[in-house]
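Notes to accompany the following structure.
The values are calculated or read from the model by the stated rules, or taken from the named source; none is laboratory data. Note that the structure is predicted; figures quoted are calculated from it, not measured. Every residue, glycine among them, receives a Cβ derived from its backbone with ideal geometry; neighbour counts consider all protein chains shown.
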Amino acid sequence: MSIYFISDSHLGDGVNEEQKIEKLTSFFEYLRSASPTRQSALFIVGDLFDFYFEHKQVIPKKHLYIISKLRELRESGVEIHYFAGNHDFWIGSSFKEMGIKIHKEPAILEIQGKKIFISHGDEFTNSWFFRFILRNRVFIFLFYLVHPDMAYKIGVFISRLSRKSSGKNIMTWKTLRKVTREKFKKGFDIVIFGHIHSPKYIKENGKVFILLGDWETHFSYGKLEDGKIILDYWEK
C-alpha cells in the first residue's frame, strides 16, 4: 500500500491559484490511475482550503471543482483522510458522505511496521484565540445563522487574521522538532506535521521527522511505502 501526505494548499487565498489547482488535479489523477493496480491512501494534513465553512444545504461555490476531484478520487478506491487545519476546521458532512474520514485531532497510525503521529501542527502554536473560536459551539451556531455570502466574507477576514497571527506566534520548526523528539521517546517511528509551509526531512536514529511544506510554492508531499517514508516534490 502506498500512502501519500500533503498539506497547506490554501485554495482561495489568491496565491498561485491556477497552478495549485492544476498540480492538485494532476496529482489526484496520478493517484486515481494507480489505484486499480496498487492500493493507495491520501492524507490531507490540513488547510487544503484557506477558508471553509459548510452550511447544511450550501458549500462554497469556488471549491466545487476540487471537491468533485476528491469525490472522483474516493470513488476510484483511494482511501482519503482529511485532517482539519486552522483554516478549514469547519469542513462538514459532505466530505463524510463521500467516504472521506475527518480528523479534528491528531491521529496515530500503525501500519507497515511503523507507529506514526500525524497532526496539522497548529495546536503546538500559541494562536489560542483562533483555536477557541474554531471550537466554540456557540460561535459555530451563530455563524450558521449568517447568510452564506456574508459568512464567507467574515470567514475570509478571520482567515487573514489567523495567517498574520501564525506568522508572528508560530513555533519554529526547531521547536516542533523538540516536540517530535518527545514523540520519539514515546515509541513513535515517524512524526508528520503540516502548518509551517517549509518542507523538511530529518532522520534521527532510524526515526523520521517530516514537515510537509505546502502546495502553494513547494508542492511537496510525503510518501510511505513498504515501511519507508520519503519527502518528494510534485513537478507535473
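Scanning the stretch 9-34 for residues that are out of contact with any Leu (no Cβ under 7 Å at 6 or more places or on another chain) and surrounded by 19 or more Cβ atoms within 10 Å (Cβ to Cβ), which turns out farthest from Ile66 (Cα to Cα)?
Taking the candidates together, the pick is Asp13.
Are there strands (runs of 3 or more DSSP E) fully within the stretch 184-236 with at least 1 residues that are buried (at least 17 other Cβ atoms within 10 Å of the Cβ), modelled with pLDDT of 95 or more and under 14 Å from the mean Cα position of the chain (by Cα)? List them.
It comes to 190-193, 207-211, 220-225.
From Ile67, Ile59, Ile80, grab the single residue that is in a strand (DSSP E or B) and either modelled with pLDDT of 95 or more or within 21 Å of Ile21 (Cβ to Cβ) (or both).
Only one candidate passes the filter, namely Ile80.
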